[in-house]
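Chemist: Quick one: structure below, then a few questions.
The values are calculated or read from the model by the stated rules, or taken from the named source; none is laboratory data. Values in this document were obtained by computation on a predicted structure and should not be read as measured data. Here the Cβ positions follow ideal geometry from the backbone for every residue, glycine too, while neighbour counts run over all protein chains shown.
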């Protein structure tokens, strides 16, 4: 589905990549409300001190298979705690606790599978960000994680060890009004593509397949 384009002078414009110097002159200056990022930082963490989890396998001789559904969420409350730094105006200490939730699939040589769901661990962040107005600031984050290692220790009890890698970006932001050059409102978009209600509708939309075999190319010794 493509965005509709708008004619500005003799040039059509719309969302998407543009070549340098190919933008027409704006037609107006617009005031918009946006979430502006004032500061951000990124870190990667290797959570290699997660306490072994006691598990109750339902399969014999289990071994670690893989991790699934690994997510990182902010523990709230308390969420982000902001503490201004007196000797650094505009900067604050940002503290937070995050929880990593994951499932682990264990297996054995017979092909049996068991999924252990809802396993968790936590980690904390204690960083410094530029936050011009701590009382109204928005602290945002984006994070992804994956299992780097896993092992099942069969015994009494049987335990599971994992090492998890996390990539996280933490940002300070505020809702502000900005003046920007504009081309006016977006045009009315094209009509939505209807999802085929049955197999016949889908069949009728498919391109006609080649029926005849391809022509043999003329023979050439060169």
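Chemist: State whether one or more residues within segment 99-107 are more than 24 Å from the chain's Cα centre (by Cα) and at pLDDT 95 or above. Walk me through it before giving the result.
Modeler: Step one: list which residues in segment 99-107 are more than 24 Å from the chain's Cα centre (by Cα), which gives 106-107.
So of that shortlist, the ones also at pLDDT 95 or above come out as 106-107.
Looking through segment 99-107, at least one residue is more than 24 Å from the chain's Cα centre (by Cα) and at pLDDT 95 or above.
Chemist: Scan segment 135-154 and give yes if some residue there is part of a loop (DSSP other than H, G, I, E, B), within 20 Å of residue 170 (Cβ to Cβ) and touching a residue at least 12 places away in the same chain (Cβ under 8 Å), otherwise no.
Modeler: Initially, segment 135-154 is screened for residues part of a loop (DSSP other than H, G, I, E, B), giving 135-137, 154.
Among the residues that remain, those that are also within 20 Å of residue 170 (Cβ to Cβ) are: 135-137.
Still in the running and touching a residue at least 12 places away in the same chain (Cβ under 8 Å): 136-137.
Yes; the residues of segment 135-154 include at least one that is part of a loop (DSSP other than H, G, I, E, B), within 20 Å of residue 170 (Cβ to Cβ) and touching a residue at least 12 places away in the same chain (Cβ under 8 Å).
Chemist: Just for segment 52-62: of the residues that are in contact with a strand residue (DSSP E or B) (Cβ under 8 Å, 6 or more places away or on another chain) and exposed (fewer than 14 other Cβ atoms within 10 Å of the Cβ), which one is farthest from residue 142 (Cα to Cα)?
Modeler: Going residue by residue through segment 52-62, those that are in contact with a strand residue (DSSP E or B) (Cβ under 8 Å, 6 or more places away or on another chain) are 52-59, 62.
Then keep just the ones that are exposed (fewer than 14 other Cβ atoms within 10 Å of the Cβ); that gives 54, 56, 58.
Numbers: 54: 30, 56: 33, 58: 36 Å.
Step by step, filter segment 52-62, then rank; the result is 58.
Chemist: Something else about it: Has segment 62-83 got any residue that is over 29 Å from residue 37 (Cβ atoms), at pLDDT 95 or above, in a loop (DSSP other than H, G, I, E, B) and out of contact with any helix residue (DSSP H, G or I) (no Cβ under 9 Å at 6 or more places or on another chain)?
Modeler: yes
Chemist: Name the pairs: first residue in segment 70-91 and touching a residue at least 12 places away in the same chain (Cβ under 8 Å) and on the phi > 0 side of the Ramachandran plot, second residue assigned to a loop (DSSP other than H, G, I, E, B) and surrounded by 14 or more Cβ atoms within 10 Å (Cβ to Cβ), Cβ to Cβ under 9 Å, at least 6 apart or on different chains?
Modeler: 90/131; 90/132
Chemist: Right, next: Whether any residue in segment 153-172 is within 30 Å of residue 31 (Cα to Cα), exposed (fewer than 11 other Cβ atoms within 10 Å of the Cβ), at pLDDT 90 or above and touching a strand residue (DSSP E or B) at 6+ places or on another chain (Cβ under 7 Å) is what I want to check. Before you say what the answer is, go through the steps one by one.
Modeler: Step one: list which residues in segment 153-172 are within 30 Å of residue 31 (Cα to Cα), which gives 169-172.
Those left that are additionally exposed (fewer than 11 other Cβ atoms within 10 Å of the Cβ): none.
Among the residues of segment 153-172, not one is within 30 Å of residue 31 (Cα to Cα), exposed (fewer than 11 other Cβ atoms within 10 Å of the Cβ), at pLDDT 90 or above and touching a strand residue (DSSP E or B) at 6+ places or on another chain (Cβ under 7 Å), which makes the answer no.
Chemist: Criterion first (closer than 30 Å to residue 108 by Cα and out of contact with any helix residue (DSSP H, G or I) (no Cβ under 6 Å at 6 or more places or on another chain)) does residue 181 satisfy it?
Modeler: For residue 181, the condition - closer than 30 Å to residue 108 by Cα and out of contact with any helix residue (DSSP H, G or I) (no Cβ under 6 Å at 6 or more places or on another chain) - is not met.
Chemist: Please find, within segment 155-173, the residue that is nearest to the chain's Cα centre (by Cα) out of those that are within 20 Å of residue 62 (Cβ to Cβ) and part of a strand (DSSP E or B). Reasoning before the result, please.
Modeler: Of segment 155-173, the ones within 20 Å of residue 62 (Cβ to Cβ) are 155-164.
Imposing the further condition that a residue be part of a strand (DSSP E or B) reduces the set to 158-164.
Details: 158: 34, 159: 31, 160: 28, 161: 26, 162: 23, 163: 21, 164: 17 Å.
Filtering segment 155-173 for residues that are within 20 Å of residue 62 (Cβ to Cβ) and part of a strand (DSSP E or B), the one nearest to the chain's Cα centre (by Cα) comes out as 164.
Chemist: Can you find a residue in segment 16-25 that is on the phi > 0 side of the Ramachandran plot and exposed (fewer than 11 other Cβ atoms within 10 Å of the Cβ)? Step through it out loud before you land on a result.
Modeler: Initial filter on segment 16-25 (on the phi > 0 side of the Ramachandran plot): 16, 21.
Going one step further and asking which of them are exposed (fewer than 11 other Cβ atoms within 10 Å of the Cβ), we end up with 16, 21.
Yes, the conditions are met somewhere in segment 16-25.
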